[in-house]
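See structure below.
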Amino acid sequence: MFISLTLNGKMIADLADADMTLYAFLRKHHCYSVKCGCETSNCGLCTVLLNDKPVLSCSVPLGRVSGCRVDTLEGLEEEAGEFIGFLAEQGADQCGFCNPGYVMNIIAMLREIPDPSDEEIRQYLSGNLCRCTGYESQTRALRNFLNARKGKTEGLDLDAKVYGEELGKRFSVLSEDELLRSISERAGNAAGSAGAENPTAGAGTPMMGGGTPASSADGSGTTAGPAVCADSSDSTSGKGADA
Amino acid sequence: MKEFVRERKDYKSVGKSIPKKDSTQLLLGKPVYTEDITPGDALVVKLLRSPHPHANVLKVNREVALKVPGIGGIYTWEDVPQKRFSIAGQTYPEPSPYDRLILDRRVRSVGDPVAIVAGESEKAVDKALGLIRVEYEILEPVLDFRRALDNPVLVHPEDNWIPHQDASDAKRNLIFHEEDTHGDVEKVYGDCEVQLDRTYRIKPVQQGYMETVRAYCEIDRYGRLHCISSTQIVFHIRRILANALDIPKSMVRAEKPRIGGGFGAKQTAVCEVYPAFVTWKTKQPSRIVYTRQECMTIGSPRHEMEVRVKVGAMKDGSIRSIDMHTLSNGGAYGEHSTTTVGLSGHKSIPMYTGGCEATRFVADVVYTNVQSAGAYRGYGATQGIFALESAINEIAEQLQIDPVALRLKNIVREGMLMPAYFGETANACALDRCLVHCASNFGWNEKYPVRDMGNGKVRAAGVAMSMQGSCISNVDVGSCTLKLSDEGTYNMLIGAADMGTGCDTILAQMAAEVLDCEPDRIAVFGADTDASPYDSGSYASSTTYITGMAAMKAAEELREKICKIGAGLLGCSVDEVDFDGEYVYRDASLATAGAPAADGVCEDASLAGESTGNSDNGDAPLAGSAADCSGSMQRVSLAEIALKSQINNRISPEATATWSSPVSPPPYMAGMVEIELDKETGSVEILDYQGVVDCGIPVNPNLARVQTEGGIGQGIGMALYENITYNEKGAIGENSFMQYNMPTRLDYKNINIEFETSYEPTGPFGVKSIGEIVINTPAPAIAHAIYRASGVWLRTPPFTPEKIVLSMQQGSEWEAPDLRCWS
């Protein structure tokens, strides 16, 4: 199949197998930023812009992009350069394998929603999986970027909080004694107004009869759990099988 | 010169959050990974895999497949060396048994390779794979790990199976057995007012690294095998490939570029032996790239474990005895099986050292005919901590004692001897501060009481603690080479593997602390067995603690050498100079009798040139006649020293240091979670997750925070979403990201992490470790919160909505049937 398209601003023409994906074509044409993480269109690593819309290149048959404009990170470094420093500052790059697809989708997001809320950021980028970061640093970085772009210099979350006498910074909100005192005060109040601290309190909880702390109001451990004991005998028999 | 000493409060580089050295390259998607930097025209290697869990290969008909144009070779068990080896990346002699062949006549799990196919294109190889015909003698499998021990069906009946542990016995399907007892557990347990006996199970969850395992091999210009792979363990890869191919280790060079995530999976040579075999056989470059499905079904996941915990306590909440028995499922091969299981006890029980009178830990690991397990962040501790922390929460709820108060009554504190942790002392321990700090950040007192939101939803909280190690004591070796280069910059060579964690950066920060420079001035290279100094590799949370110490020591040694060369240029004794990062200077306070006081400062480089010129004339020792320039030369710049090191020089401007530790100081952490549980649907939403970590002194707090957030993310995935189910053949159903639900950024928010420091005297700059400990708290904390909200204890993650709702209906934990156990 003959294919021609505009890749990162340059016209290219090539012969390709009819079953080729856009992903394979881009790798063949040295766009190594485009990665594959799953083969089932779940991970977002292969995101590129097709006529300015973010698409999963692993799931786009090459034939469909004939005559189209395709942009990969190789062609958008300048635009990415506006915010990647904020990601680096948080250490949000980590292994980096998901970064290009994620950065491409951020570019698409910022073009579409110039000033997204945190919730909009999460929604828009939800298709970009990352296993290293737990996502929080990425959201923080984008928030910092958006704030900085608006000229806000306060409220940026730049540094993790470290406390300890070694560094002369003591965490002083609460001491151990104060915590224990407040816990026992709360527990005392709870005992006063029966069941206030009961985990199963509240009408309509579909509870079994025994086995919850509700039924062991006398606080004695041994009465605490007929239902839990039943579980225990289950597991004991499971254990017996390998003994 | 003065010995390098720096007060903790004055650290300049350690403790600073700087971006990772590779961040720009990674964020701009530059070609830095295995598939990006190796030639695209290498032979494509793929594997034909067994559909049966246990069978003998009788015949492989490859005649038709070989006729596919572009097929370079098809290999079966008859073609490979018959010496068994292990693909576990561990220090020799590997604790894992030698139980693998590149291809075996006996296949031991669904997905075990039967044939290697190599060809010019993926299409040709795929076509050939479909044309190979295999005749199997189907054997009865042993699929249920609770019935594997002493089962008449043996997974490894072969005679050339080599164990490296006395307790291993393949004739019993037993990979390992261990017992560790302190005190009379039976008696103390019997004397206790409260006795809790529970069993917990953890499934073989997946690491979920984004870059699937892959490797490229070629014959280098000296005729040796050169392997470039996405691995955490280049030096072990060298040994593993040499063992597998039965060739000298000197004939192998292993290298890693950037790695797209590892989390322990790449501490096993999952795929490297196949292209290595093809390249050694054909002398052509070859490359294998595992599909996601291969990674999910025949990779190297967490060990499935069943942990029985017996805790003896008094009504006042004091915990007197802990008795744990772990049964671990090694699967078809024994990688990491003998070692992971130990952590389930050794890295959970010691958290309750305070007041605990007796502990016992017994472990068995068995072979079964399912996917073999390997290393995954937490490495057994995750399983043990889920069990023990859940049991402690159950005790607290039974006794109606606040679980945070109960913990503060029983936890290990600084200075305590931990009998259940190899008799080590907790030299640096801020676990108590972590708990209090975490409770304060979380608002424990407000959130612990269950709150019915009146809309069918309930809010509740849970708590858990965690510990890990900082290396494998008396085993792990870390090394670092530092070189002074042109213009006073440095090169650092390491054998540890930065897998995105940032070790290249934090090791440079530690060296920069000693060399008094910006970390930017140090270029880091790693890892290549031909160029890097020996390092066991990046695992066991050891890089910061072990390789970090090597980096610090190498920097100290290089500092001395810089002073020596500098003193030569200044024409004085090394005792009279010091180094401030930019200049080696004469220090009047150090000067011996008769040396002139340092008054004027000479910044003119030409003077240094002169002094170089002087030495150039002959072989005069550098620290030669002080008369030449004493009085005029008071300092010399690092750039001049670097230049001097390249002209008529006999002092090597480089230093290598190597380190091992007799102890493995545990980091500690506290985690608290608030959930909202929908009683109608059973779905759980994470509203808030607070964690406070004691990793000693964090070298780069932002990177440590990302480590922690990422680990908690994986822990939440394991607790709520990531399920593994087997069919009746022991094959895994969740074989892609369609079915295996790793968390997205919509699945949690408000993870907040802070740090409590402690100072570990055996670590460089007081550091411990961070990489693994962070994954351990979510599962037990979430199980606790679910109990608080629903009244049901769930003892096998993941806690899916289906499981929660059905468990609430039946009043005890609901389990989906395990189809493996039907056979």
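The values are calculated or read from the model by the stated rules, or taken from the named source; none is laboratory data. Keep in mind that what you see is a predicted model, and the values were worked out from it rather than measured. Glycine gets a Cβ as well: all are built from the backbone with ideal geometry, and neighbour counts include every protein chain shown. Heads up: the accessible areas ignore ligands, DNA and RNA and are worked out on the full protein's heavy atoms, side chains in. Shrake-Rupley method; radii C 1.70, N 1.55, O 1.52, S 1.80 Å.
From the list B:498, B:516, B:520, B:528, exactly one residue is within 14 Å of another protein chain (Cβ to nearest Cβ) and surrounded by fewer than 24 Cβ atoms within 10 Å (Cβ to Cβ). Which is it?
On the way: B:498 fails: surrounded by fewer than 24 Cβ atoms within 10 Å (Cβ to Cβ); B:516 fails: within 14 Å of another protein chain (Cβ to nearest Cβ); B:528 fails: within 14 Å of another protein chain (Cβ to nearest Cβ).
After ruling out the rest, the residue left standing is B:520.
Looking only at segment B:672-682, which residues are more than 13 Å from every other protein chain (Cβ to nearest Cβ) and either in contact with a Cys (Cβ under 6 Å, 6 or more places away or on another chain) or not acidic (Asp, Glu) (or both)?
If the condition is that a residue be more than 13 Å from every other protein chain (Cβ to nearest Cβ) and either in contact with a Cys (Cβ under 6 Å, 6 or more places away or on another chain) or not acidic (Asp, Glu) (or both), then B:673 is the only one that fits.
Output the strands (runs of 3 or more DSSP E) that fall wholly within segment B:1-83 and possess 3 or more residues being within 14 Å of chain A (Cβ to nearest Cβ), or say none.
On the way: elements: B:43-49, B:55-61, B:71-75.
Correct list: empty, since no element meets the threshold.
Taking segment B:245-257 only, how many residues are touching a residue at least 12 places away in the same chain (Cβ under 8 Å) and either in the same structural domain as residue B:529 (by TED's automatic domain parsing) or of a type outside the set (Gly, Ala, Ser) (or both)? Reasoning before the result, please.
Pass one, segment B:245-257, residues touching a residue at least 12 places away in the same chain (Cβ under 8 Å): B:245-247, B:250-257.
Those left that are additionally either in the same structural domain as residue B:529 (by TED's automatic domain parsing) or of a type outside the set (Gly, Ala, Ser) (or both): B:245-247, B:251-253, B:255-257.
Number of matching residues: 9.
Scan segment A:109-159 residue by residue and report those that are on the phi > 0 side of the Ramachandran plot and either more than 12 Å from chain B (Cβ to nearest Cβ) or touching a residue at least 40 places away in the same chain (Cβ under 8 Å) (or both).
Residues of segment A:109-159 that are on the phi > 0 side of the Ramachandran plot, as a first pass: A:134-135, A:151, A:155.
The answer is A:151, A:155.
Please work out which one of (1) part of a helix (DSSP H, G or I); (2) touching a residue at least 12 places away in the same chain (Cβ under 8 Å); (3) away from chain A (no Cβ under 11 Å) is the condition residue B:242 fails and give its number.
(2)
Just checking, which of B:75, B:92 is among the hydroxyl-bearing types (Ser, Thr, Tyr) and closer than 22 Å to residue B:170 by Cα?
Numbers: B:75 fails: closer than 22 Å to residue B:170 by Cα.
None of the other options fit; the residue is B:92.
Could we say that residue B:802 is more than 10 Å from chain A (Cβ to nearest Cβ), within 26 Å of residue B:414 (Cβ to Cβ), open to solvent by 20 Å² or more (accessible area, probe 1.4 Å) and acidic (Asp, Glu) here? Don't jump to the end; show me each part of the working.
Numbers: more than 10 Å from chain A (Cβ to nearest Cβ): yes; within 26 Å of residue B:414 (Cβ to Cβ): no; open to solvent by 20 Å² or more (accessible area, probe 1.4 Å): yes; acidic (Asp, Glu): yes.
Criteria not met by residue B:802.
Out of all the residues in segment A:160-172, is one or more more than 7 Å from every other protein chain (Cβ to nearest Cβ), under 30 Å from residue B:458 (Cβ atoms) and at pLDDT below 85? Walk me through it before giving the result.
Residues of segment A:160-172 more than 7 Å from every other protein chain (Cβ to nearest Cβ): A:165, A:169-170, A:172.
Filter once more, so that each one left must be under 30 Å from residue B:458 (Cβ atoms): none.
There is no residue in segment A:160-172 that is more than 7 Å from every other protein chain (Cβ to nearest Cβ), under 30 Å from residue B:458 (Cβ atoms) and at pLDDT below 85.
For segment B:272-282, state whether one or more residues are out of contact with any strand residue (DSSP E or B) (no Cβ under 9 Å at 6 or more places or on another chain) and assigned to a loop (DSSP other than H, G, I, E, B).
Keep residues of segment B:272-282 that are out of contact with any strand residue (DSSP E or B) (no Cβ under 9 Å at 6 or more places or on another chain), which gives none.
The answer is no; no qualifying residue exists.
With the checklist (1) free of Cβ contacts under 8 Å to residues at least 60 places away in the same chain; (2) touching a strand residue (DSSP E or B) at 6+ places or on another chain (Cβ under 8 Å); (3) within 30 Å of residue B:444 (Cα to Cα) in hand, flag the one item residue B:454 doesn't pass.
The number of the failed condition is (2).
Residue-wise test of (1) in a loop (DSSP other than H, G, I, E, B); (2) of a type in the set (D, E, K, R); (3) open to solvent by less than 20 Å² (accessible area, probe 1.4 Å).
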position	(1), (2), (3)
A:131	yes, yes, yes
A:134	yes, no, yes
A:138	no, no, yes
A:152	yes, yes, no
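Determine whether residue B:102 is assigned to a strand (DSSP E or B) and either modelled with pLDDT under 95 or open to solvent by less than 10 Å² (accessible area, probe 1.4 Å) (or both).
no
Among residues belonging to segment B:186-223 that are under 30 Å from residue B:355 (Cβ atoms) and assigned to a loop (DSSP other than H, G, I, E, B), point out the one that is most open to solvent (accessible area, probe 1.4 Å). Step through it out loud before you land on a result.
Just the residues of segment B:186-223 that are under 30 Å from residue B:355 (Cβ atoms), to begin with: B:186-202.
Narrowing the set further to residues that are assigned to a loop (DSSP other than H, G, I, E, B) leaves B:192-193.
On the way: B:192: 12, B:193: 83 Å².
Among those residues, the one meeting the criterion is B:193.
Take residue B:397 and decide whether it is acidic (Asp, Glu), over 15 Å from residue B:671 (Cα atoms) and in contact (Cβ under 8 Å) with a residue 40 or more places away in the chain. Let's see the steps before the verdict.
Details: acidic (Asp, Glu): yes; over 15 Å from residue B:671 (Cα atoms): yes; in contact (Cβ under 8 Å) with a residue 40 or more places away in the chain: yes.
Yes; evaluated as a whole, the condition is true for this residue.
Scan segment B:224-264 for residues that are farther than 23 Å from residue B:479 by Cβ and open to solvent by 10 Å² or more (accessible area, probe 1.4 Å) and report the count.
The qualifying residues number 4.
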